[in-house]
Amino acid sequence: MRWGESLGDGALLAVEGLANLGAWSGATIAAAMGKFMLGGALAALGLGVFLRFKRLRMKRKVKRA
């Protein structure tokens, strides 16, 4: 085996490893963003339900007075 061949194989292996790392880190970022967006959507839904119940309670209070 000559130096040129092993150096070329090493460079290809390094490039392949970097590409693999980029794919994994991209998937991780996408998963984190998805969870963050889902959390925001669920928080907005929860806030809407809370405000609806609060409004109903306020209406009942006005009717009694």
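Each reported figure results from applying straightforward, stated rules to the coordinates on display, with no laboratory input. Model, not experiment: these values are computed from the prediction.
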Run a plain Debye calculation on the chain (Cα atoms as equal point scatterers, no solvent) and give log10 I(q)/I(0) at q = 0.25, 0.27 Å⁻¹, rounded to two decimals, same order as the q list.
-0.97, -1.02
Report, to the nearest 10°, how far helix 3-64 tilts away from the longest principal axis of the Cα atoms in the chain, using its own Cα long axis and a range of 0 to 90°.
0 degrees
Computed [θ] at 222 nm, helices only, for the chain once each DSSP H run of length n ≥ 4 contributes -39500 (n - 2.57)
-36000 deg cm²/dmol
